[in-house]
Amino acid sequence: MLLNFSFSNFRSFKDESSLNLVPANIKEIPYSILTQKADKQYKGLCSSVIYGANANGKSNALLAIEFFQGLIISGNINPQRCMPIPLAPNFHNQNVKPISFSIKFVHKKHLIDYTIAIGGVSFLGDLKDAYIEYEVLSVNSKPQFKRVKQKIDVYYENTKLIDSANINIFEMQATESLLKDELFLTNGYKTLVNKDIYSIILDWFQTKLIVVRNVSYVSSAPKFDYDIISEKNEGGVLLSDEIINKIAKAAGIDTTEIHFEKSDKEAKPQAVSFIDGKGVVARFIESAGTMKIINFIPLVISVLVNGGTLIVDELDSSLHPSAVFSIVNAFHNDELNVKQAQLIFTSHNPIYQKAKIFRRDEIKFIEREDGASTIYNLSDFGTSGENGVKNSTDIMKNYLNGSYGAIKFVDFSDVIREAIEFNLNNSGDNE
């Protein structure tokens, strides 16, 4: 269960911003609250919707999470080894501050709190001079280690696996062997301190955190191996032809049947539409919205079956709002969401504000001013004052009026008129 992800100096985000999934002290929609136990009980929100105008930084926030995920899994900031996402500091902060990431989550009855900062990265530069500036890990609120550049301090009294008599020798060896671009978490803590805790951390990033930046291509991503319907894979889900067709019918298909079939030319099964007994690759004849549902709903089912945090950029593109409502309600349904899964997605559609299916602390905004993006919650506005949010407040109307920011009023008419006149004046047609 994700509790908080904070980051700073990453792309359009200059100062620290947080995607906070800890419930605010407000009384509304109790079914959106998850509870998991570690050293004590922790509460988290089961869903969140993020709003922001184009170019405000919504995608950059998801890129930060995905980059951080890749960094933990690879254990190194060397771009040749692991980094498909370019690491770029905010233009106004380059060569001034490190890029930092911090995450807090509960997994397998452990509260994990991990922070890392990366220095030596310039805007649009390469990573040859990049290094880990600092790195800190706490488990169940007890510090495990602190790293400042190449110096490692291990809190042996909390690790239980290191003899205090050997701590100085261990720290010296760790310092001498650790490379500047390696994570101590992956390359020292894992092998010398506590492999079990490291395995818990890695398992969450590999199997419980799922970031989808383009739902239209979700089935082509190898980590989403849910479309192998003949067998249940680790971290996947077992689906039958009957379930696949019920998903298709729920999406509005009533003239064809959908099956996932393997061929000699394709590495993975693909959706095939059958009309009068003849099979046609589904993407050639079905709508974009239908294909999105067929590919995406199995992933939703997988997350609900196995638990995890699903983060999706523009979930509702090509989807009717009723389909999105149904997906969100599945995460809000205690009878369906028994593994306490979470759904976080970005959107431009304010109708979800009108429907009041989200708590105020689940509705988040990303605003960008002077080249810097920030994240804030609807609940930050309180209940009093001009922009206060009460039960009777028309949130959608206020958002569209600009009361909460994170919206731009777009008018292309002038530039379209100018472009038409430019073409007419340069067309050579005098008629």
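Structure notes:
- Net charge contributed by nearby residues that have their C-beta within less than 12 Å of L304 (K/R +1, D/E -1): -1
- Solvent-accessible heavy-atom area per residue, rounded to whole Å², over the range 337-431 at 1.4 Å: 59
- Within the shell defined by Cβ-Cβ distances under 13 Å, the residues around S18 carry a net charge of -2, with Lys and Arg each +1 and Asp and Glu each -1.
- Within the shell defined by Cβ-Cβ distances under 11 Å, the residues around D313 carry a net charge of -1, with Lys and Arg each +1 and Asp and Glu each -1.
- Listed pairs K14/K408; K246/K292; K37/K356; K40/K390; K128/K195 exceeding 25 Å between Cα atoms: K37/K356; K40/K390; K128/K195
- Peptides 409-421, 289-301, 369-381 ordered by packing proxy, namely the average of other Cβ atoms within 10 Å per residue, highest first: 289-301, 369-381, 409-421.
- Solvent-accessible area assigned to carbon and sulfur over the range 302-431 amounts to 49 percent, based on a 1.4 Å probe.
The values are calculated or read from the model by the stated rules, or taken from the named source; none is laboratory data. Everything numeric in this text was worked out from a predicted model, so none of it was measured. Virtual Cβ from ideal backbone geometry, glycine too; neighbours counted across all protein chains shown. Only protein heavy atoms, including side chains, enter the accessible area calculation; ligands, DNA and RNA are left aside. Shrake-Rupley method; radii C 1.70, N 1.55, O 1.52, S 1.80 Å.
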